[in-house]
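Trainee: Below are the structure tokens for one structure; questions will follow.
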Amino acid sequence: MTPVMDRDILIARVIDAEASPEDWATIRTLAERDPSIWSELAAAQQDQADLAAALAEATRIADRVDLPRDPAPSFVLRRRLRVAGAAGGWLAAAALLLAWWVHPGSAGTGPERGQEAGLVPSGFGATADDALQAYLDRGVRDGRVVGVEPDLLIRDSRPLDDGSGVEIVYVRRIVERMVVDKMYKASLDERGLYVPVPVQNLPSGRRRM
Amino acid sequence: MNQVDGSIGEVRAAQEGDHGALRGLWQRHRRWVAAVLLAHKPRGAELEDLLQEVATILVSRLSELRDPAAFKPWLRMVAVNAARAQGRKASRRRERPVEGLEEMLTAPEPLAERDEAARILRLAMQLPDAYREPLLLRCVHGMSHREIGQVLDLPETTIETRIARGRRMLRELAAGACASPPVRGAAEGEL
């Protein structure tokens, strides 16, 4: 440990009220040769007090941030709006805001919530949302559905002609898995037609399909 | 219980779906998580947004933590990654300007300019990473060197040295003694 480091650590220990009798004795010895250590100590204490006060103020907001009840939807809304604004234009962000304003409890359920789906098989609920949720629940139980990506991919957005809102077109990403005997890839034959070709020696790990 | 204490049993309970345990973990750790985010977040990023992101990841990913004893360094890495990801996004947005975005990114922090405490915090943000983070953590409800060492996964002696060294750098910055601010990211004179 260098003499400079000794001095730093001694001062730090005094500030933290952790200086031992030996530390104090060393400080007094140092001060006999160089009294400036006292002013240095005072400045360090002031800096520490100021820093602690500023940090307490800056991090106080943490006490207001609670865990999300549902991590996917409304909790990350502000953040998603910002991302949407940067990536897809502020119009898309406004569209998302509108969608969530109308349906705050649903992650990207879209404006169709509450409308009759009409062609939904029995047992899957009355609306598209109900049917989707039934699918997800069943898929999770069966091991097919792994999860749902929380962020929607916004493809398009436009204000409605009658001024009643904004239409957004988005992709909902559902992660699924399945077990297959073989994997094939599409390949062109000599006639320029796509034919399935078995994939040999498939390495383990993530594959883009 | 101290601000940063958290038993392995509590982490396990949270992993197994005990919402009370999970909520307790977050409430005890969120202040120092905020300090870590503050130490790493890009200028202009909102601390509240980043805290929400960390909270979301805590809920959705805690079950993936294999060793409950590594909860604190894991949570710290979640926070650091969230802050860095925000930095990358901010960088990409700067490459493709959006109206009003530059003002948002360069907006001053909420602390008043005239406040001496705010000035010291701003100076502390100029310290190298290796000194800035332990120094800020030391200010969070008096976290001990041991507790900071657990979070940063470093020996206590290293933590003590970095805090002492960081304080001296801060004094020099505050006094204007440094001709140029230290380079962020480097650690010097370490035990």
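Trainee: How about the stretch B:54-70: which of its residues are without any contact (Cβ under 8 Å) to a residue 12 or more places away in the chain, part of a helix (DSSP H, G or I) and exposed (fewer than 13 other Cβ atoms within 10 Å of the Cβ)?
Mentor: B:64
Trainee: Further, regarding this structure: Could you give me the residue pairs with C-beta distances under 7 Å whose first residue belongs to the stretch B:115-143 and is hydroxyl-bearing (Ser, Thr, Tyr), whose second residue is modelled with pLDDT of 90 or more wherever it lies, and which are 6+ apart or on separate chains?
Mentor: B:131/B:162; B:131/B:165; B:131/B:166; B:131/B:169
Trainee: On the basis of being more than 9 Å from chain A (Cβ to nearest Cβ) and either at pLDDT below 90 or closer than 28 Å to residue B:159 by Cα (or both), does residue B:133 make the cut? Write out each step before concluding.
Mentor: Details: more than 9 Å from chain A (Cβ to nearest Cβ): yes; either at pLDDT below 90 or closer than 28 Å to residue B:159 by Cα (or both): yes.
Yes, satisfied.
Trainee: Name the single residue that is farthest from the other protein chains (Cβ to nearest Cβ) among those in the stretch A:150-172 being surrounded by 14 or more Cβ atoms within 10 Å (Cβ to Cβ) and among the charged types (D, E, K, R).
Mentor: A:167
Trainee: Given the criteria away from every other protein chain (no Cβ under 14 Å), in contact with a strand residue (DSSP E or B) (Cβ under 7 Å, 6 or more places away or on another chain), at pLDDT below 50 and crowded, with 16+ Cβ neighbours inside 10 Å, does residue A:114 qualify?
Mentor: Details: away from every other protein chain (no Cβ under 14 Å): yes; in contact with a strand residue (DSSP E or B) (Cβ under 7 Å, 6 or more places away or on another chain): yes; at pLDDT below 50: yes; crowded, with 16+ Cβ neighbours inside 10 Å: no.
Taking the combined requirement at face value, the residue does not satisfy it.
Trainee: What are the residues in the stretch A:143-202 that are assigned to a loop (DSSP other than H, G, I, E, B) and touching a Leu at 6+ places or on another chain (Cβ under 8 Å), if any? Spell out how you get there, then give the answer.
Mentor: Within the stretch A:143-202, the subset assigned to a loop (DSSP other than H, G, I, E, B) is A:143-144, A:149-152, A:160-165, A:172-173, A:177-183, A:189-193, A:199-202.
A:152, A:165, A:172, A:173, A:183, listed by residue number.
Trainee: For the stretch B:145-159, which residues satisfy the criterion of being more than 15 Å from residue B:36 (Cβ to Cβ), touching a residue at least 24 places away in the same chain (Cβ under 8 Å) and within 11 Å of chain A (Cβ to nearest Cβ)?
Mentor: The one that is more than 15 Å from residue B:36 (Cβ to Cβ), touching a residue at least 24 places away in the same chain (Cβ under 8 Å) and within 11 Å of chain A (Cβ to nearest Cβ): B:157.
Trainee: Determine whether residue B:185 is facing chain A (nearest Cβ under 7 Å) and at pLDDT below 90.
Mentor: Numbers: facing chain A (nearest Cβ under 7 Å): no; at pLDDT below 90: yes.
The answer is no for residue B:185.
Trainee: Which count do you get for residues in the stretch B:26-45 that are more than 9 Å from chain A (Cβ to nearest Cβ) and part of a helix (DSSP H, G or I)?
Mentor: To start, the set of residues in the stretch B:26-45 that are more than 9 Å from chain A (Cβ to nearest Cβ) comprises B:28-29, B:36, B:39-45.
Now drop any that are not part of a helix (DSSP H, G or I), which leaves B:28-29, B:36, B:39-40.
Adding up the residues that qualify gives 5.
Trainee: Within the stretch B:89-112, does at least one residue satisfy the condition of being modelled with pLDDT of 85 or more and either assigned to a helix (DSSP H, G or I) or closer than 23 Å to residue B:14 by Cβ (or both)?
Mentor: The first filter runs over the stretch B:89-112 and keeps only residues modelled with pLDDT of 85 or more, leaving none.
Checking the stretch B:89-112: not a single residue is modelled with pLDDT of 85 or more and either assigned to a helix (DSSP H, G or I) or closer than 23 Å to residue B:14 by Cβ (or both).
Trainee: Can you tell me how many residues in the stretch A:176-202 are loosely packed, with under 10 Cβ neighbours inside 10 Å and among the β-branched types (Val, Ile, Thr)?
Mentor: Matching residues across the stretch A:176-202 total 2.
Trainee: Okay, moving on. Quick one: how many residues across the stretch A:24-51 are free of Cβ contacts under 8 Å to residues at least 24 places away in the same chain, within 12 Å of chain B (Cβ to nearest Cβ) and surrounded by 14 or more Cβ atoms within 10 Å (Cβ to Cβ)?
Mentor: Going through the stretch A:24-51 one residue at a time, the tally reaches 6.
The values are calculated or read from the model by the stated rules, or taken from the named source; none is laboratory data. The structure displayed is predicted, hence computed values, not measured ones. Here the Cβ is made from the backbone with ideal geometry for all residues, glycine too, and neighbour counts use every protein chain on show.
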